[in-house]
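Below: the structure, in structure tokens.
The values are calculated or read from the model by the stated rules, or taken from the named source; none is laboratory data. All figures in this text were calculated on a predicted structure; none of them were measured in a lab. Here the Cβ positions follow ideal geometry from the backbone for every residue, glycine too, while neighbour counts run over all protein chains shown.
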């Protein structure tokens, strides 16, 4: 496999990925690394560990929910204003 390292992802052309897919999946499973597949030199697909995908989707869900974001912003403002409640007072 002829690949190069980008930040945290490994990149390889589709032809190499077809040939080495089992090895690539084993490496991703073992190390948690991300993998970018290129076609005609252009990134087209990313392969990520399933738990990382789930975390990304959950984060997107939170960020796209206005009520949740409002609650987070309110909590951050309370922390900044030192409006904290002791756990024993609850």
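Suppose we keep only residues that are outside any helix (DSSP H, G or I) and more than 30 Å from residue 18 (Cβ to Cβ) within the stretch 43-71. Which one would you say is farthest from the chain's Cα centre (by Cα)? Selected residue: 65.
Can residue 55 be described as farther than 30 Å from residue 9 by Cβ, surrounded by 10 or more Cβ atoms within 10 Å (Cβ to Cβ) and outside the structural domain of residue 18 (by TED's automatic domain parsing)? No: the conditions fail for residue 55. Scanning the stretch 72-90 for residues being in a helix (DSSP H, G or I) and over 23 Å from the mean Cα position of the chain (by Cα) gives a total of 10.
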